[in-house]
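Shown next, in structure tokens, is the structure this report addresses.
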Amino acid sequence: MGFFDFLIEEIAIDLGTANTLIIHNDKVVVDSPSIVARDRTTGKIIAVGKEAAMMQGKTHENIKTIRPLKDGVIADFDASEKMINMFIKEIPALKKRMFTPALRMVICIPSGITEVEMRAVKESAERVNGKEVYLIHEPMAAAIGIGVDIMQPKGNMIVDIGGGTTEIAVIALGGIVCDKSIKIAGDVFTNDIVYYMRTQHNLYVGERTAEKIKIQIGAATEDLEIPPEEMSVQGRDLLTGKPKQVQISYREIAKALDKSILRIEDAVMETLSQTPPELAADIYNTGIYLAGGGSMLRGLDKRLSLKTDLPVYIAEDPLRAVVRGTGICLKNLSRYKGILIK
């Protein structure tokens, strides 16, 4: 290899259902929604990332917005490959290069993924010039990104609430001891809000609006210490067909999300009940770490803490914890070789 080493570029990718992040030279160089917009007549991709996200729900019949990843796995192979390719071309340091350099990549995948889905990720990476492709399980990457020393003979519990999946894992000695991956996460929260607005307010709102509501006033519990302001939401009145606006409070969103959060609580409880006693003892002392965008839901940490009687900590930059951990693996490949999937 030696001589050609300088021709190889290293990148770490968090290929998420909602957002894709890429680290190159220790910097997050891409942080964009995982959406592409395709021209139906020519089949060309016309926009990707933030630009395509703006189009979501506002397209005419010649443009289609696609989210190539569903539940953390590749649903549309062609679109995902083009998306990864365009994101890689957006990296400032690689723009200057005349030809696409060979890439050494570490990509993270959900822990509940099947062999076939894993191969789809790998093939996608190889087709955008990935010469060495390593995969890492998301909870592992999240743990490393949070700053947990995963190689220690100590148990740590990670709950990573992404867009498509919630990954719950107990990690010790550089491996996952017990884990659970459920398909209840950010996207389901968004759909819960759409459904709630329809049934309670006869207001039809789009996915983007619902997500805005989730971010602005979303809550996991009705008793918050610092409640967010009420929010006015615009949409279409289902009775009259006219556009209308309603005021909603965080309490309503907490009601809307309650069932889904219960499912996440149950999954956490189930994982705890499968944990070997020695590791359970460790977790009693270390608590639970939350990562992923879903962990930013107001009051979720408190609610989980009440349910489990354990301290719950939110990662300092939850949206980037996973990609950071993936980046750290990339830098110390020799140290983390054991936990990566070749």
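The values are calculated or read from the model by the stated rules, or taken from the named source; none is laboratory data. No experiment lies behind these values; they were computed from the predicted model shown. Note that each Cβ is placed from the backbone with ideal geometry, even for glycine, and that neighbours are counted across all protein chains shown. Side chains included, ligands, DNA and RNA excluded: accessible areas come from the protein's heavy atoms. Shrake-Rupley method; radii C 1.70, N 1.55, O 1.52, S 1.80 Å.
Charge tally around SER32: other residues with Cβ under 10 Å, Lys/Arg +1 each, Asp/Glu -1 each, net -2. With all protein chains in place and ligands, DNA and RNA left out, the 1.4 Å accessible area ranks SER249, SER124 as SER249, SER124, largest first. Evaluating 6.51 cos²θ - 1.76 cosθ + 1.60 at θ = phi - 60° for every residue in the range 224-233, the Karplus couplings come out as 9, 5, 10, x, x, 4, 5, 10, 9, 10 Hz, glycine and proline recorded as x. The accessible surface of the range 186-256, taken with every protein chain in place and a 1.4 Å probe, is 46 percent carbon and sulfur. Just to confirm a number: summing +1 for Lys and Arg and -1 for Asp and Glu over residues other than ILE158 whose beta-carbon lies under 11 angstrom from that of ILE158, what do you get? Net local charge, ILE158 excluded: -4. Percent of Cα pairs in the range 186-256 per distance bin of 10 Å, from zero to the largest separation: 22, 57, 19, 2. Between the C-alpha center of the range 99-177 and that of the range 268-342 there is a gap of 13 Å. Given a cut-off of 22 Å, name the pairs among LYS131/LYS331; LYS50/LYS337; LYS154/LYS183 whose C-alpha atoms lie farther apart than that in the structure shown. In this structure, LYS50/LYS337; LYS154/LYS183 exceed 22 Å between Cα atoms.
On a full-extension model of 0.36 nm per residue, what is the gain between THR240 and VAL116, subtracting their alpha-carbon distance, rounded to one decimal in nm?
39.9 nm
Residue by residue, the range 40-51 carries 3J(HN,Hα) couplings of 5, 6, 9, x, 7, 7, 9, 7, 8, x, 4, 4 Hz when phi is fed to the Karplus relation 6.51 cos²θ - 1.76 cosθ + 1.60 (θ = phi - 60°); x denotes Gly or Pro.
Determine the gain in length on full extension of the stretch LEU7-ASN191; use 0.36 nm per residue of separation and subtract their C-alpha separation, reporting nm with one decimal.
Value of the extension gain: 61.7 nm.
Mean sequence separation of contacting Cα pairs (under 8 Å, at least six apart), scaled by the length of the range 1-79, corresponds to a relative contact order of 24 percent. Pairs of Cα atoms nearer than 8 Å and 6+ residues apart set the relative contact order; for the range 186-256 it is 33 percent. Here the chain has an Rg and Dmax of 20.8, 70 Å, counting Cα atoms alone. Given +1 at the Cβ of Lys and Arg, -1 at the Cβ of Asp and Glu and no other charges, the dipole of the chain around its Cα centre is 1140 debye to the nearest 20. Taking the Cα centre of the range 186-256 as origin and assigning +1 to Lys and Arg Cβ atoms and -1 to Asp and Glu Cβ atoms, the resulting dipole is close to 420 debye. Where in the range 74-88 does the label zone of ILE63 land, with the point 7 angstrom along Cα→C-beta and an amide N cut-off under 18 Å? Zone members listed by number: 83. Remark: spin-label model distance GLU207-GLU126 equals 3.0 nm, labels positioned 7 Å along the Cα→Cβ axis. Phi-derived couplings, Karplus 6.51 cos²θ - 1.76 cosθ + 1.60 at θ = phi - 60°, listed residue by residue for the range 198-215: 5, 7, 8, 10, 6, 10, 9, 10, x, 4, 5, 5, 4, 5, 4, 4, 4, 6 Hz, with x used for Gly and Pro. Estimated at 0.36 nm per residue, the fully extended path between LYS255 and GLN274 surpasses their Cα-Cα distance by 3.9 nm. For ASN202, the amide hydrogen comes within under 5 Å of no other amide hydrogen, counting only partners 5 or more places away or on other chains and with H modelled in the peptide plane. Surface exposure of the chain, expressed per residue as accessible area with a 1.4 Å probe, stands at 48 Å².
Put +1 on the Cβ of each Lys and Arg and -1 on the Cβ of each Asp and Glu in the range 1-137; which of ILE45, MET105, ALA18 then has its Cα farthest toward the positive end of the dipole? Positive-most Cα among the choices belongs to ILE45. For ILE35, the residues whose modelled amide H falls within less than 5 Å of its own, excluding neighbours fewer than 5 places apart on the same chain, are GLY49.
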